[in-house]
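Here the structure is laid out as structure tokens; the discussion comes afterwards.
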Amino acid sequence: MPKLISGAEIVFKALEDQKVEYIFGYPGGAVLPIYDELKNHKSIKHILARHEQGAGHAAEGYARSSGKPGVLLVTSGPGATNAVTALTDAYMDSVPLVCISGQVPTHLIGTDAFQECDTTGITRPCTKHNWLVKDVNDLARVLHLAFEVATTGRPGPVLVDIPKDIQFKKGKYKFTKNSLKKKLNGKAKHKISNKEVDKFIELITKSSKPIFYTGGGVINSGPDASKYLRELVALTGFPITSTLQGLGAYPGDDQQFLGMLGMHGTYEANNAMHDCDLMINIGARFDDRITGKVDEFSPKSKKIHVDIDPSSIGKNIKVDLAIVSDVSELLKNLILRFKEKNKNFLSSNKQKTSKWWEQIDKWRDKKSLNFINSEKIIKPQHAVQRLYELTKDQDTFVTTEVGQHQMWAAQHYKFNKPNRWMTSGGLGTMGYGLPAAIGVQIANPGKLVVDIAGEASVLMTMQEMSTAVQYKLPIKIFILNNEYMGMVRQWQELLHEKNYSESYTAALPDFVKLAESYGCIGIRAKTPDELDKKIKEMIEVDKPVIFDCVVDKSENCFPMIPSGKPHNQMILGPEEEEEISDEGKILV
Amino acid sequence: MPKSKSAYSIPGKIGKIERHIIVVWVDNEAGVLARIAGLFSGRGYNIESLAVAEVDKKKHISRITIVTEGTPQVIEQINLQLKKLVPVHKVADFKRGEKDILFRELALFKMLANSKRQEKIKKICKKFNPVVLDKTKKSFVIQVTALRAEIDKLALDLKRLGLISTSRTGSVAMTKGAKIFN
């Protein structure tokens with residue numbers, strides 16, 4: 001007969017068996033028994049956020065930079081609803097999160113009790129799965145299943161809702177490995193057939209205008225996947241482009257890398273996507289920021305799509321060869337067989353793709369990421385470039401908020417390793433970067449962690465600076481301050497006759513004084529001359545820093561593909577802006 | 001081509017709409033129907049009818065039959081998205097009009113009718129396995145089983161003969177012969 005322990009203790013036993021080291025959370029009435037139990041479990045450290053959304057993004061940052069699931073602990077009602085944005089963000093960007101929420105006691109459920117809400121109902125569409133545990137003897141099984149669901153197949157968030165009386169009740173604890181894998185058959189693993197691999201290789205050998213298009217799936221598949229990807233790209237000599245989430249899987253400064261693709265991608269990457277005869281999509285999902293107008297998306301190419309999620313295949317774009325697989329497993333198989341069948345492929349195939357590379361070089365000559373620099377005022381692109389140059393020699397982790405600064409960071413900061421770039425791509429959550437940086441710093445002590453931020457975004461979760469100070473996390477908040485919601489302002493300039501409706505923030509705080517009031521360091525750079533010195537100062541401080549980088553207010557983010565246009569019709573700079581049709585305006 | 005500088009792309013060509021019957025085996029646990037229905041509403045799919053009941057008391061497996069409409073691409077997504085849900089065991093998909101599959105719906109009609117008219121009504125319902133469940137001097141309740149379109153037509157015909165209340169199930173489905181879904 002196993003010893004009977006309380007539900008709260010079962011929670012910690014399960015977390016210990018799952019080797020959880022950190023939980024991000026915020027206490028409240030309905031989770032007090034769990035918080036009471038915390039002191040008895042020394043291997044688990046609790047990080048107190050200042051808002052449940054912040055706790056959620058911190059858990060995301062932790063997960064994305066460490067490859068381990070992030071754990072989140074919140075109370076019922078507002079605690080749970082505050083976590084919804086972070087859960088949805090994790091769902092869109094495939095981040096493994098386990099959220100444990102308190103609930104009112106079972107006998108009060110459905111009575112509109114204090115701090116009651118239908119948590120499982122609210123979070124059903126933004127989790128892979130969720131559970132309301134009504135029997136303490138189910139708790140251990142459900143918690144372990146929750147970890148398995150979050151980390152199996154395409155990762156994502158899950159939620160376990162535990163009523164307060166269940167946290168007190170005594171029950172049995174058993175660490176059961178769940179049989180989910182068997183039950184999930186098609187959902188988790190797929191055996192790769194030689195036929196699929198051979199077809200893949202055949203398409204590679206036949207192509208004369210190929211391109212690799214890789215995404216977040218490569219990162220999620222683990223560090224091996226990036227290693228294999230580099231090997232395959234080197235073996236074939238093909239050009240490669242990456243989505244926003246895939247940056248870092250392939251070295252950003254490599255000659256074969258064409259930069260990011262999509263709405264604010266490079267001219268060469270988007271044109272190569274449009275004109276290629278073979279598109280090899282590995283772990284990306286043909287998102288609408290990538291494809292532009294679907295009907296005119298890469299019309300002449302054969303398409304290969306490797307994805308672990310069967311529902312990603314054929315959702316937006318029809319493909320010629322679909323392989324449901326983990327990226328790492330597929331690439332390992334593919335490389336082995338490719339080497340066997342095609343010795344000296346690189347040199348023998350050089351001739352065949354030489355024209356393609358010539359064309360790509362012509363596109364490259366447009367230098368689409370160029371901007372007109374200034375000696376008087378800091379251009380935001382220049383600030384990111386300087387930040388990159390001054391931090392590239394150390395292992396730097398970058399998070400971002402959402403908007404222009406995010407795109408400039410993606411364009412001008414070159415990543416060489418996976419798990420170094422954490423940004424909210426799918427949901428586009430302003431306020432993501434600061435708390436995410438906290439999670440990243442906890443997972444990577446001693447490393448440089450920079451949140452490239454906009455002043456509007458960062459104010460949405462600014463309260464988390466207090467968390468950074470409490471746990472002595474020396475994160476650097478690098479704000480490109482243009483006093484506008486820059487991306488909103490840009491669209492208003494292009495689409496709404498420069499009617500900058502509500503996109504200017506008056507009465508911004510003095511970020512240097514704000515930093516000081518939080519007990520961290522505030523630095524301000526106003527001119528290009530002082531920028532390098534100030535950035536170095538920021539890097540050297542072993543404390544959290546808010547860096548107020550005062551930049552050009554009117555700078556727009558180029559190049560861009562106007563929506564509804566195919567990839568080969570990009571706007572390169574302000575001089576190319578066209579008249580906007582009424583039809584275009586409706587679509588925003 | 002429209003000139004668009006919008007943040008979203010303009011809709012592409014829409015394929016031909018097909019009607020499908022999708023059968024889903026799920027764990028009969030709390031909230032499972034909300035998960036299925038939520039998937040349909042959240043992704044903008046239609047549910048024309050839905051029938052659900054537990055079919056395996058021991059393993060607590062329910063069988064859900066959903067009639068839906070969509071382009072082939074949408075139908076494929078419905079299948080794949082359903083398979084991703086944790087409580088879903090398997091999914092079968094049939095196009096309306098496939099030969100080796102049977103569909104049935106059940107309907108109850110309450111009629112205001114004297115016995116003479118009741119005989120007339122029974123005659124009209126003859127083809128659809130009528131069963132009289134309740135009978136008084138002024139009224140009766142009759143049960144029929146048939147295809148959706150047949151019940152639609154029948155309900156229309158009965159309107160003239162004193163139909164005062166209709167209750168219908170969604171469609172249920174089964175394959176012909178010894179073969180089962182898998």
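If you filter segment A:427-461 down to residues that are among the polar types (S, T, N, Q) and assigned to a loop (DSSP other than H, G, I, E, B), you find that the one that is surrounded by the fewest Cβ atoms within 10 Å (Cβ to Cβ) is A:Asn444. Restricting A:Glu497, A:Glu502, A:Glu493 to those that are at pLDDT 95 or above and not in a strand (DSSP E or B) reduces the list to A:Glu502. Summed over segment B:97-121, the residues that are surrounded by 14 or more Cβ atoms within 10 Å (Cβ to Cβ) and either basic (Lys, Arg) or out of contact with any strand residue (DSSP E or B) (no Cβ under 9 Å at 6 or more places or on another chain) (or both) give a count of 3. Among the residues of segment B:138-155, those identified as within 23 Å of B:Arg96 (Cα to Cα) and not small (Gly, Ala, Ser) are B:Val144, B:Thr145, B:Leu147, B:Arg148, B:Glu150, B:Ile151, B:Asp152, B:Lys153, B:Leu154. Does any residue of segment A:561-577 turn out to be part of a helix (DSSP H, G or I), over 20 Å from A:His412 (Cα atoms) and at pLDDT 95 or above? No.
Okay, residues lined up against (1) at pLDDT below 95; (2) touching a Pro at 6+ places or on another chain (Cβ under 6 Å); (3) within 30 Å of A:Pro310 (Cβ to Cβ); (4) small (Gly, Ala, Ser):
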{"site": "B:Ala113", "(1), (2), (3), (4)": "yes, no, no, yes"}
{"site": "B:Ile121", "(1), (2), (3), (4)": "yes, no, no, no"}
{"site": "B:Thr136", "(1), (2), (3), (4)": "yes, no, no, no"}
{"site": "B:Ala146", "(1), (2), (3), (4)": "no, no, no, yes"}
{"site": "B:Ala178", "(1), (2), (3), (4)": "yes, no, yes, yes"}
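Could you tell me whether A:Lys68 is touching a residue at least 24 places away in the same chain (Cβ under 8 Å), surrounded by fewer than 24 Cβ atoms within 10 Å (Cβ to Cβ), within 14 Å of chain B (Cβ to nearest Cβ) and part of a loop (DSSP other than H, G, I, E, B)? Show your work before the answer.
Working: touching a residue at least 24 places away in the same chain (Cβ under 8 Å): yes; surrounded by fewer than 24 Cβ atoms within 10 Å (Cβ to Cβ): yes; within 14 Å of chain B (Cβ to nearest Cβ): no; part of a loop (DSSP other than H, G, I, E, B): yes.
No, not satisfied.
Evaluating A:Val551 against the criteria (1) modelled with pLDDT of 95 or more; (2) within 14 Å of chain B (Cβ to nearest Cβ) leaves one unmet condition, (2). Within segment A:118-140, being surrounded by fewer than 19 Cβ atoms within 10 Å (Cβ to Cβ) and touching a Ser or Thr at 6+ places or on another chain (Cβ under 9 Å) holds for A:Ile122, A:Pro125, A:Lys134. Could you say whether any residue in segment B:149-160 is touching a helix residue (DSSP H, G or I) at 6+ places or on another chain (Cβ under 8 Å) and without any contact (Cβ under 8 Å) to a residue 40 or more places away in the chain? Yes: one or more hits. Taking the criterion of being buried (at least 21 other Cβ atoms within 10 Å of the Cβ) and among the charged types (D, E, K, R), the residues of segment A:155-171 that qualify are A:Asp161, A:Lys164. Of the residues making up segment A:56-72, none is more than 26 Å from A:Val218 (Cα to Cα) and either modelled with pLDDT of 95 or more or within 28 Å of the chain's Cα centre (by Cα) (or both).
A quick yes/no check of all residues on (1) in a helix (DSSP H, G or I); (2) out of contact with any strand residue (DSSP E or B) (no Cβ under 8 Å at 6 or more places or on another chain):
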site: B:Lys127; (1), (2): yes, no
site: B:Lys137; (1), (2): no, yes
site: B:Ile142; (1), (2): no, no
site: B:Ala149; (1), (2): yes, yes
site: B:Leu156; (1), (2): yes, yes
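When restricted to residues that are within 28 Å of B:Lys99 (Cα to Cα) and free of Cβ contacts under 8 Å to residues at least 12 places away in the same chain, segment B:123-148 contains 1. Residues that are more than 14 Å from every other protein chain (Cβ to nearest Cβ) and under 25 Å from the mean Cα position of the chain (by Cα) number at least 2 in the following helices (runs of 4 or more DSSP H) confined to segment A:75-154: A:78-92.
The values are calculated or read from the model by the stated rules, or taken from the named source; none is laboratory data. Note that the coordinates shown come from a computational prediction; the quantities given were computed from them, not determined experimentally. Cβ atoms come from the backbone with ideal geometry, glycine included; neighbour counts cover every protein chain shown.
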